[in-house]
């Protein structure tokens with residue numbers, strides 16, 4: 001008995017020693033680095049929470065998709081303000097995590113933050129969401145990517161217009177800046193392409209994340225008689241859940257919110273960042289040059305349209321699908337004259353066309369005929 | 001005399017013991033929370049230490065986050081001497097940054113030193129006026145200063161958003177409305193040999209000067225009297241209204257300077273990023289420091305360190321950003337509870353002395 005007892009103790013001791021040694025191995029820096037050497041290390045920075053059912057969640061879903069690849073190591077940080085803090089986060093991701101490529105996803109991260117940090121790390125790629133990169137003006141290791149999500153808004157507008165009984169739609173918007181105005185105008189033009197008398201009531205809340213005002217705006221729009229609503233704010237959660245509570249339809253934005261409104265979520269305009277991040281990861285893995293500007297819409301797969309709700313009838317679906325097919329083939333031109341703004345001024349003369357990539361569209365400061373509201377909120 | 005020494009010692013030792021004690025209790029509570037969330041608290045603390053104070057990079061990361069908090073904490077701490085609870089630091093920062101940028105844009109050909117000095121003065125003046133409104137409403141119209149200073153924050157933010165989208169908008173700032181850039185030459189540089197801007201030095205100097213003002217001048221003494229008992233101060237002939245206005249102005253100037261630094265050291269323009277909640281974080285710092293300007297410095301560094309560690313916590317332990325908010329919340333609550341302990345320890349030495 002006693003011998004066997006001693007043996008066990010010895011075995012136990014050896015075992016512990018071995019385990020300890022193994023633990024030590026694990027703690028040494030080199031094996032980790034050796035295993036991680038062939039991995040593409042990608043750092044993502046979000047301005048809001050990962051689970052906001054909106055802008056940040058859309059990017060987080062993209063990050064999660066790319067993180068599933070076994071040759072990618074992806075890490076992220078949420079709620080990083082657009083101050084010097086984001087500069088420190090970028091530096092920290094490069095210095096402490098060895099990031100090779102960073103995706104600071106908020107619009108306000110670019111100037112001055114990325115422009116300040118990027119020159120310090122010429123071998124690291126800084127890819128910013130927003131399409132702000134200018135050749136010759138910005139550092140070589142900076143690039144930007146952005147999707148024409150207004151194409152999805154056009155399709156969603158068709159569904160909204162088709163489902164509305166009152167012919168009045170609602171739009172809760174953050175700020176009257178070109179990107180937002182383009183979404184409102186596309187939504188309106190989409191709805192009016194099938195029902196020319198449709199109007200869209202818009203309310204600007206003034207900022208990207210003001211949940212209380214978004215709820216007030218939604219309620220006020222419903223009281224004005226609208227029966228389908230959408231929005232362009234950082235997190236559509238409040239607008240969508242309020243719409244569902246009030247028993248009206250809604251179309252989503254940024255990512256899929258059908259879980260929040262199982263009865264009324266008709267469809268939605270979504271980003272498809274997973275594709276963008278996969279493509280970048282592939283390029284970096286193969287050491288191929290990274291394009292400075294990546295832009296695209298439905299055709300390039302940068303944006304998508306949420307699955308239609310089962311209550312959307314076949315006729316409306318077909319109209320939406322027809323428009324989508326034209327976007328996919330590249331033959332769709334939304335801004336084709338004559339187009340008037342909502343004060344009656346002709347902004348695009350008859351016979352004139354502005355295709356999706358036209359830079360003129362990027363300084364949009366007008367609301368199209370059919371929108372009830374003003375950019376001077 | 002011999003009675004005085006333990007008493008003076010007590011004034012230092014007691015708050016020190018209570019603060020260290022409450023911080024330790026907070027750490028235990030937070031450790032339990034982290035463990036419940038499925039992470040190893042010891043590893044979490046190790047990561048936090050590494051991210052906040054472990055390397056020279058992390059120290060700079062911590063200090064850069066602490067710098068604006070030192071200035072905004074003064075917005076709450078100084079009026080605290082007069083018994084006022086002012087939480088308008090955010091408004092002071094926003095107004096300071098906005099007006100600093102505006103004056104810089106009116107002087108395109110002036111030498112950088114002149115521009116920067118004018119910016120600092122304009123920012124401080126704007127912040128001073130902003131907090132003084134709250135103080136004046138309190139003294140002359142009996143409006144609750146906590147509510148009015150909070151509401152003034154929203155007015156300041158609305159004013160900023162209005163002006164950067166209209167009168168002072170750089171027409172090229174399409175999707176991010178901002179003023180024009182003040183010019184690279186006019187930016188405040190870094191403290192030589194570091195990656196830190198001068199805002200840190202401003203913060204430390206402002207805290208030290210404020211401490212001197214409140215603890216070693218007649219003005220500070222008068223303020224403390226008025227804070228202790230307004231009636232008594234008035235009967236003694238102290239100009240309470242003037243004291244309130246001046247203290248609020250000094251406090252607001254500190255906040256305005258923080259806004260000016262944001263513009264002149266980081267953004268180069270005024271826009272909605274000025275509204276980065278430094279004002280609100282400053283309230284927490286002032287509370288924890290018990291309104292003592294000297295204590296603000298270490299407390300701001302501690303809070304800066306907690307904020308700095310959030311990133312690595314998220315990346316290394318996959319904890320949400322809210323983790324550090326929970327920690328801040330626990331510290332805040334425990335320190336508030338510990339307020340009730342003051343005075344309980346001092347009984348013992350007094351009995352012994354008799």
Just one of the numbered conditions (1) within 14 Å of chain B (Cβ to nearest Cβ); (2) crowded, with 21+ Cβ neighbours inside 10 Å is not true of residue A:202; which one? (1)
Give the number of residues within segment A:344-371 that are touching a residue at least 12 places away in the same chain (Cβ under 8 Å), exposed (fewer than 12 other Cβ atoms within 10 Å of the Cβ) and over 22 Å from the mean Cα position of the chain (by Cα). 6
Over segment B:29-54, the set of residues without any contact (Cβ under 8 Å) to a residue 40 or more places away in the chain and loosely packed, with under 13 Cβ neighbours inside 10 Å is B:32, B:36, B:38, B:42
Taking the condition of being within 14 Å of chain A (Cβ to nearest Cβ), out of contact with any helix residue (DSSP H, G or I) (no Cβ under 6 Å at 6 or more places or on another chain) and over 13 Å from residue B:39 (Cβ atoms), how many residues in segment B:316-344 meet it? 3
Across segment B:158-189, what is the total count of residues that are more than 10 Å from chain A (Cβ to nearest Cβ) and surrounded by 13 or more Cβ atoms within 10 Å (Cβ to Cβ)? 13
Considering only residues that are more than 17 Å from the chain's Cα centre (by Cα) and crowded, with 24+ Cβ neighbours inside 10 Å, which ones fall in segment A:173-185? A:185
In the set B:29, B:63, the lone residue that is in a helix (DSSP H, G or I), touching a helix residue (DSSP H, G or I) at 6+ places or on another chain (Cβ under 9 Å) and more than 14 Å from chain A (Cβ to nearest Cβ) is B:29
Considering only residues that are touching a strand residue (DSSP E or B) at 6+ places or on another chain (Cβ under 9 Å) and either assigned to a loop (DSSP other than H, G, I, E, B) or within 30 Å of residue A:292 (Cβ to Cβ) (or both), which ones fall in segment A:247-267? A:248, A:253, A:254, A:255, A:256, A:257, A:258, A:259, A:260, A:261, A:263, A:264
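Out of curiosity, is residue A:54 buried (at least 22 other Cβ atoms within 10 Å of the Cβ), closer than 14 Å to residue A:280 by Cα and away from every other protein chain (no Cβ under 14 Å)?
Numbers: buried (at least 22 other Cβ atoms within 10 Å of the Cβ): yes; closer than 14 Å to residue A:280 by Cα: no; away from every other protein chain (no Cβ under 14 Å): yes.
So residue A:54 does not fit the description; no.
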Residues located in segment A:72-82, provided they are out of contact with any strand residue (DSSP E or B) (no Cβ under 6 Å at 6 or more places or on another chain) and either over 24 Å from residue A:292 (Cα atoms) or away from chain B (no Cβ under 12 Å) (or both): A:78, A:79, A:81
Those residues of segment B:171-208 which are touching a residue at least 40 places away in the same chain (Cβ under 8 Å), outside any loop (DSSP other than H, G, I, E, B) and touching a helix residue (DSSP H, G or I) at 6+ places or on another chain (Cβ under 9 Å), in sequence order: B:178, B:185, B:186, B:197, B:199, B:200, B:202, B:203, B:204, B:206, B:207, B:208
Lone unmet requirement of (1) in a loop (DSSP other than H, G, I, E, B); (2) within 30 Å of residue A:137 (Cβ to Cβ); (3) in contact with a strand residue (DSSP E or B) (Cβ under 6 Å, 6 or more places away or on another chain) for residue A:284: (1)
Complete set of residues in segment B:272-306 that are surrounded by fewer than 24 Cβ atoms within 10 Å (Cβ to Cβ), facing another protein chain (nearest Cβ under 9 Å) and in a helix (DSSP H, G or I): B:272, B:273
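Which one of B:218, B:285, B:240 is more than 12 Å from residue B:94 (Cα to Cα) and out of contact with any helix residue (DSSP H, G or I) (no Cβ under 8 Å at 6 or more places or on another chain)?
Numbers: B:285 fails: out of contact with any helix residue (DSSP H, G or I) (no Cβ under 8 Å at 6 or more places or on another chain); B:240 fails: out of contact with any helix residue (DSSP H, G or I) (no Cβ under 8 Å at 6 or more places or on another chain).
Every option except B:218 fails the conditions.
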Tell me yes or no: at least one residue of segment B:254-261 is in contact with a strand residue (DSSP E or B) (Cβ under 8 Å, 6 or more places away or on another chain), within 14 Å of another protein chain (Cβ to nearest Cβ) and closer than 27 Å to residue B:157 by Cα. yes
Checked against (1) under 21 Å from residue A:149 (Cα atoms); (2) in a loop (DSSP other than H, G, I, E, B), residue A:362 satisfies every condition except (2)
With (1) under 23 Å from residue B:64 (Cβ atoms); (2) at pLDDT 95 or above; (3) touching a helix residue (DSSP H, G or I) at 6+ places or on another chain (Cβ under 9 Å) as the list, and residue B:133 as the residue in question, which single condition is left unmet? (1)
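The values are calculated or read from the model by the stated rules, or taken from the named source; none is laboratory data. As the structure is a computational prediction, the values presented were derived from the model and not from experiment. Cβ sites come from the backbone with ideal geometry, for glycine too, and all protein chains shown count toward neighbours.
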